[in-house]
Amino acid sequence: MIKGWLDFLDTQTKDDLLTRFGGPWDFLGDWLWPNATAEGMDNNKPQALCFNNSYRVFNLRTAAKIARMLNRTADAERWERQADASAKAIHAKYYNAADHNYADGSMSNLAAALLAGVPPANERKAIFDKLENEILIKRNGHIHVGITGGALLFKLLRDEGRDDLIYSMTSQTTYPGWGYMKANNATTIWEMWEKDLPGHSLLHSSYLYPGAWYIDGVAGIKRDPDHPGFRHFIIRPPHLNEIQMQWAEASFDSPSGIIKTHWQRQAGRLSMRVTIPPNCTATLQLASNNGAVKINGKLVSANTKGGYRLVAGTHQINTVMP
């Protein structure tokens, strides 16, 4: 299925760039961003081409990772070559160097390009800074993407550990946002960010992407990309202060067993209890700090790449957070 999908996209690609294909309701790009109904569909506009091209590169890079895990080296190398060539073509055609953005400069196009690895390494920080500014300054901490763009945006921010930016967007109570829906007596997620538009469903699967953050952000249970199946995984409490979030408790039924976390911040200190399933290990990652770290009552130093190694069982962690 993966190969068939990528082979089809190849038939719609010219000079390493995906071209517009399909009918009037195809090639949508992002969908139902704030004010989308008033602005109209954009699937014939450059921003949709840029977005869909970045998404194709993300598809290629994901497929290549899967192929390497399956020892299908030839497929992996071909898809990696295609991804790199298309990333260069996207950057050359759609990047605005003066403003560090892509196409229309939207949050969705910035996120899609960054997630797909389109920017050259020396440009990436400036482009990510542009995305951060788009969220915190231009949009005053609010989200400004639709269904597809939001999924890519949240995956990017989860991978980058930017819990602060996700928290900003999910905690707003004014338009647009989930809190705005709640403030307007919603009991389910709406189809669109707006209230009471004609043809507007009040029960829809539109903006579900915070859900994954509850596990790998709020709960701090993250997969390790080098160890599929959660035989080894990462524990990282969210990088938020205690004013933003004081505690969380969760369990996750992973393919290797149930993982549990319970953390609390109080007076600058972090207390955390973690349960690792049998025959599994984890790496505990904490925010940079100069305070002492205790695991099961004993002072410890980082003992593995990226943090502290935890074996199967239940562990109590205490530390002073920055």
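Averaging 1/r over every pair of different alpha carbons in segment 51-118 and inverting the result gives a Kirkwood radius of 12.2 Å.
Of all DSSP beta bridges confined to the chain, the antiparallel ones make up roughly 90%. For the cross-link pairs LYS125/LYS155; LYS65/LYS260; LYS130/LYS155; LYS45/LYS125; LYS14/LYS45, the ones whose C-alpha atoms lie over 19 Å apart are LYS65/LYS260; LYS45/LYS125. Centroid-to-centroid, using Cα positions, segment 137-158 and segment 262-308 are 30 Å apart. Relative to one another, the C-alpha centroids of segment 110-130 and segment 175-217 are positioned 28 Å apart. Among SER205, SER54, SER86, SER168, a tally of other beta-carbon atoms within 10 Å of each Cβ gives an order, fewest to most, of SER205, SER168, SER86, SER54. Structure remark: mean-square fluctuation, Gaussian network model of the chain, C-alpha springs under 10 Å; the largest value among PRO198, PRO228, PRO46 belongs to PRO198. For the residues ILE258, ILE215, ILE127, a GNM of the chain with alpha-carbon springs under 10 Å puts the largest fluctuation on ILE258.
The ranking of TYR55, TYR207, TYR180 from fewest to most other beta carbons within 10 Å of each one's beta carbon is TYR180, TYR55, TYR207.
Counting only helical runs of four or more DSSP H residues, what would the 222 nm mean residue ellipticity of the chain come to if each run contributes -39,500 (n - 2.57) and the total is spread over all its residues? Per the formula, -11000 deg cm²/dmol. Taking other Cβ atoms within 10 Å as a rough exposure proxy, CYS280, CYS50 sort from fewest to most as CYS280, CYS50. In plain terms, the chain from ASN241 to TRP5 could stretch by 80.7 nm, reckoned as 0.36 nm per residue minus the Cα-Cα distance. Within the chain, which whole H helices from DSSP have a Cα span along their axis of at least 27 Å and a mean Kyte-Doolittle hydropathy of -0.5 or more, if any? Sorted by number, the helices that extend far enough and score high enough are 46-69.
A short reminder: the numbers here are calculations on the coordinates, not readings from a lab. No experiment lies behind these values; they were computed from the predicted model shown. No Cβ is skipped: glycine too gets one built from the backbone with ideal geometry, and neighbour counts run over all protein chains shown.
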